[in-house]
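**Q** Handing you a structure now.
The values are calculated or read from the model by the stated rules, or taken from the named source; none is laboratory data. Nothing here was measured: the structure is a model prediction, and the numbers come from that model. Here Cβ is always computed from backbone atoms with ideal geometry, including for glycine, and neighbour counts include all displayed protein chains.
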Amino acid sequence: MKKGVNFWCFDPGTGFVEGIRLAHQHRFDGVELILEDSDLVGRLQRFDQARTAASDLGIELPSLATDLFWRYPLSSADVGVRAKAKDVLKRQLETANRLGAANILVVPGVVTEDESYDAVYERALEALAEASAWAEASGVKIAVENVWNRFLLSPLEFRDFLDRIQSPWVTAYFDVGNVAHCGYPQQWIRILRQRIYRVHVKDFRCAVGTMEGFTGLFDGDLDWAAVMAALTDIGYLDEGFLITEVPPYRRVRGNRRIAELSASLDAMLSLA
């Protein structure tokens, strides 16, 4: 089992090289980098620098995330927005390949008051089926994450959505904390099983019930022993990454959250 940290855990303004060095210092095995809007045009020098720094330190760059699919949904009714989303996905695959990352994180679609669930489902399905060929060509898997997008709201639906695409290049990025408000992550894990390619971990306080309920590991309501047992049952812990995705502290800077997250992951792995 490997310990990973998503780059959103670092203080704003932290550069890739600095973050990678901090992650190595705190005994992480990998760092999940972020593709931003500014990376869609021009050169990708900061990713090249990150790759060199990671290689020098012997740390992995296993995954590439982005929040751009909220701004440019693959499921949008607007043809132009969908085209932009596909450009983002292609750029993400290209950049992940450049980094040597094994997967990209993709938000499959967003249901809104104006974007109906059934239409979002069909557009997202079509887009990811098309993108599966791009993923295969790049050698980088697409990992679809369950997020608060009012979409794929049960493990059965998530499973069947992926199965309809019929491609080993489109997999699940299972976020443990994201289902705590509506279900039990250990059940999702056992239903999704081998479809899970990557795992995000964060905790959640159910009494809060909003985005403000996300919190540090072991500071919420999740049964981490049950989660780890489920991950063990499906064989994920044999070789997979647990990538923590917890925001930095609000009131203090200096990337002090990183040491805490490393220690919490160590404690979590001891439950397996």
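**Q** Is it the case that some residue within segment 23-33 is buried (at least 21 other Cβ atoms within 10 Å of the Cβ) and more than 17 Å from the chain's Cα centre (by Cα)?
**A** Scanning segment 23-33, I find at least one residue that is buried (at least 21 other Cβ atoms within 10 Å of the Cβ) and more than 17 Å from the chain's Cα centre (by Cα), so the answer is yes.
**Q** Scan segment 79-87 and tell me whether some residue there is free of Cβ contacts under 8 Å to residues at least 60 places away in the same chain, among the charged types (D, E, K, R) and touching a Pro at 6+ places or on another chain (Cβ under 9 Å).
**A** yes
**Q** Hey, another quick one. If the requirement is being within 26 Å of Ala259 (Cβ to Cβ), outside any helix (DSSP H, G or I), more than 14 Å from the chain's Cα centre (by Cα) and modelled with pLDDT of 95 or more, which of these qualifies: Pro73, Pro12?
**A** Just a single option satisfies the conditions, and that option is Pro12.
**Q** So which residues in segment 231-244 are surrounded by fewer than 21 Cβ atoms within 10 Å (Cβ to Cβ), at pLDDT 95 or above and either of a type outside the set (S, T, N, Q) or over 30 Å from Trp169 (Cα atoms) (or both), if there are any at all?
**A** Asp233, Ile234, Gly235 - these are the residues of segment 231-244 that are surrounded by fewer than 21 Cβ atoms within 10 Å (Cβ to Cβ), at pLDDT 95 or above and either of a type outside the set (S, T, N, Q) or over 30 Å from Trp169 (Cα atoms) (or both).
**Q** Also, I was wondering about something else. Suppose the filter is under 22 Å from Val147 (Cα atoms), in contact with a Phe, Trp or Tyr (Cβ under 8 Å, 6 or more places away or on another chain), assigned to a loop (DSSP other than H, G, I, E, B) and not aliphatic (A, V, I, L, M); does Gly209 pass it?
**A** Here the answer is no, as Gly209 does not meet what is asked.
**Q** Step by step: first the residues of segment 236-267, then only those that are within 21 Å of Asn103 (Cα to Cα) and part of a loop (DSSP other than H, G, I, E, B), then the one that is nearest to the chain's Cα centre (by Cα). Which residue is that?
**A** Glu245
**Q** Sticking with this one: Would you confirm whether any residue within segment 221-228 is at positive phi, touching a residue at least 24 places away in the same chain (Cβ under 8 Å) and surrounded by fewer than 21 Cβ atoms within 10 Å (Cβ to Cβ)?
**A** The answer is no, given that none of the residues of segment 221-228 is at positive phi, touching a residue at least 24 places away in the same chain (Cβ under 8 Å) and surrounded by fewer than 21 Cβ atoms within 10 Å (Cβ to Cβ).
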